[in-house]
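Each remark here refers to the structure printed beneath this line.
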Amino acid sequence: MKEKSYHLETLAIHAGQVPDPTTSATAVPVYRTAAYNFRNTQHAADLFALQEAGNIYSRLMNPTNDVLEKRLAALDGGAAALAFSSGTAAIYFTITNILKSGDELISASNLYGGTFTQFDAILPQQGILTRFTPLNDFVAVESAINDRTRAIFIEGIGNPTLEVADISRYASLAKKYHLPLIIDSTFTPPTLLRPIMHGANIVIHSLSKWIGGHGTGIGGIVIDAGNFDWQDSKFTLYNEPDRGYHGLRFAHDLGELNRLAFILRLRTVGMRNQGPTLAPDAAWQFLQGIESLPVRMTRHCENALAVATFLKSHPKIAWVRYPGLEGDPCYTLAQKYLPHGAGGMVVFGVHGGSAEARRIVDHMPLFSHIANVGDAKSLIIHPASTTHSQLSDVALRDAGIQPELIRLSVGLEHIDDLLDALATGLDTF
Ligand SMILES: *Cc1c(COP(=O)(O)O)cnc(C)c1O
């Protein structure tokens, strides 16, 4: 199958799969299997030496996960992918597959909370320093780059005010300094944004959100565009013999596969020896989600835009942020990068403060009150009293989490029911 020539809707259903050769099963089977037979000792030796592709042990690769990886690589236009037990693990193992103690990461500051903590509090314990710069402040990015910088990290759409990254400007800076550009594209699944087309080198998604789409599992994926040259000596993990894989120099010793050095090292060092493996049952759940991802994303975006438009004209609302809403500060960037819809998240502020916002959350029908995003169900939360409750009002404002801010993840329900629910919820103060 010449997968690259199919549209995304078709790839979402077919890419990476051939009917099961033994049973002719049409749906992807769940391989609840740990290990795989070698044909003979030569076959075993070739598999271990990366001379031949094939299954060894499910910590490293599994036939169900393999379909998921190939399908997402196809959807994002990448060369290869690797699935992880969570989006958080996907990010952690990506960073530590490039940076080691003494190296520095440049990251946009408007990150998912867990990622911010990982960069701010965990990686420094391992000698990796992150320099945070405001999103799309390219003067700040350029002045943060030094001879220890090894990568740039951004999110396609970031917290808390749903700002859109100007990806191609990040990509040209990354290129100028020969640094890989890593994008967490969780809020913008491949039918909305394909960061590799705009110059990204590595794309990460939490599968737990829109890609799975039903709040039924935790997982992550890393996609390698295969477009970065790792043969620059500053990337020591790729240019010196790797004790993690019997002295292999990943940027030099893989022949034609040198361009896939990043993802091969991620699997053979990160996954093999540190073990953040995705269970095949979860991979199967995500494959079910992906089949309907294109149609679901269209509906998520339509509903979110309608919700944002409704809120904008509501007398109790002080402000609304949705990148696809005309007049939003990121509207122009959204038109450029997200022509098929600006995602399913809407944030807004009510007149008043924390108390008013909490009353609305408490009285909002239909929306589930949970700390998650990207479910078929519509979700609501008041970040200042939950995810960010340890901060003072001043600190909250500094972090952009205004006390009156309410976050919605707009689901797939009928739009009339959603607008009715919002009208009812807003009526309670
Ligand atoms: C949820 C999320 C993550 C973390 O993913 P998990 O699968 O929950 O570990 C990372 N980045 C973004 C943008 C997210 O929304």
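The values are calculated or read from the model by the stated rules, or taken from the named source; none is laboratory data. Owing to the predicted nature of the structure, the values given are computational and were not obtained by experimental measurement. All Cβ positions, even for glycine, are placed from backbone atoms using ideal geometry, and neighbour counts span all protein chains on display. Heads up: the accessible areas ignore ligands, DNA and RNA and are worked out on the full protein's heavy atoms, side chains in. Shrake-Rupley method; radii C 1.70, N 1.55, O 1.52, S 1.80 Å.
What to note about this one:
- All of (1) more than 22 Å from ILE218 (Cα to Cα); (2) open to solvent by 70 Å² or more (accessible area, probe 1.4 Å); (3) touching a residue at least 60 places away in the same chain (Cβ under 8 Å) hold for ALA306 with one exception: (2).
- Failed item in (1) over 22 Å from PHE116 (Cβ atoms); (2) free of Cβ contacts under 8 Å to residues at least 60 places away in the same chain, with SER385 passing the rest: (1)
- Residue, modelled with the lowest pLDDT, within the stretch 363-397, restricted to residues that are closer than 21 Å to LYS312 by Cα and surrounded by fewer than 18 Cβ atoms within 10 Å (Cβ to Cβ): HIS363
- When LEU72, LEU129, LEU82 are checked against the criterion of being at pLDDT 95 or above, open to solvent by less than 10 Å² (accessible area, probe 1.4 Å), out of contact with any helix residue (DSSP H, G or I) (no Cβ under 6 Å at 6 or more places or on another chain) and more than 13 Å from the ligand (Cβ to nearest atom), a single residue qualifies: LEU72.
- Qualifying position, being open to solvent by 10 Å² or more (accessible area, probe 1.4 Å), out of contact with any helix residue (DSSP H, G or I) (no Cβ under 9 Å at 6 or more places or on another chain) and more than 30 Å from ILE290 (Cα to Cα), among GLY327, GLY400, GLY353: GLY400
- Hits in the stretch 205-226 (condition: more than 13 Å from LEU293 (Cβ to Cβ), within 10 Å of the ligand (Cβ to nearest atom) and crowded, with 24+ Cβ neighbours inside 10 Å): SER206, SER208, GLY219, GLY220
- The single condition among (1) within 16 Å of the ligand (Cβ to nearest atom); (2) of a type in the set (A, V, I, L, M); (3) open to solvent by 20 Å² or more (accessible area, probe 1.4 Å) that VAL139 does not meet is (1).
- The stretch 104-121, subset surrounded by fewer than 21 Cβ atoms within 10 Å (Cβ to Cβ) and closer than 22 Å to ARG265 by Cα, residue farthest from the chain's Cα centre (by Cα): GLU104
- Members of the stretch 225-269 found to be assigned to a helix (DSSP H, G or I), over 14 Å from ALA80 (Cβ atoms) and not basic (Lys, Arg), listed by number: THR236, LEU237, TYR238, ASN239, GLY244, TYR245, GLY255, VAL269
- Within the stretch 85-103, being under 20 Å from ILE157 (Cα atoms), open to solvent by 20 Å² or more (accessible area, probe 1.4 Å) and in contact with a Gly (Cβ under 7 Å, 6 or more places away or on another chain) holds for SER86, THR88.
- Helices (runs of 4 or more DSSP H) wholly inside the stretch 280-390 that include at least 2 residues being under 26 Å from LYS70 (Cβ atoms): 280-291, 293-312
- Test set (1) within 16 Å of the ligand (Cβ to nearest atom); (2) within 21 Å of ILE218 (Cα to Cα); (3) of a type in the set (Gly, Ala, Ser) - ALA34 fails condition number: (1)
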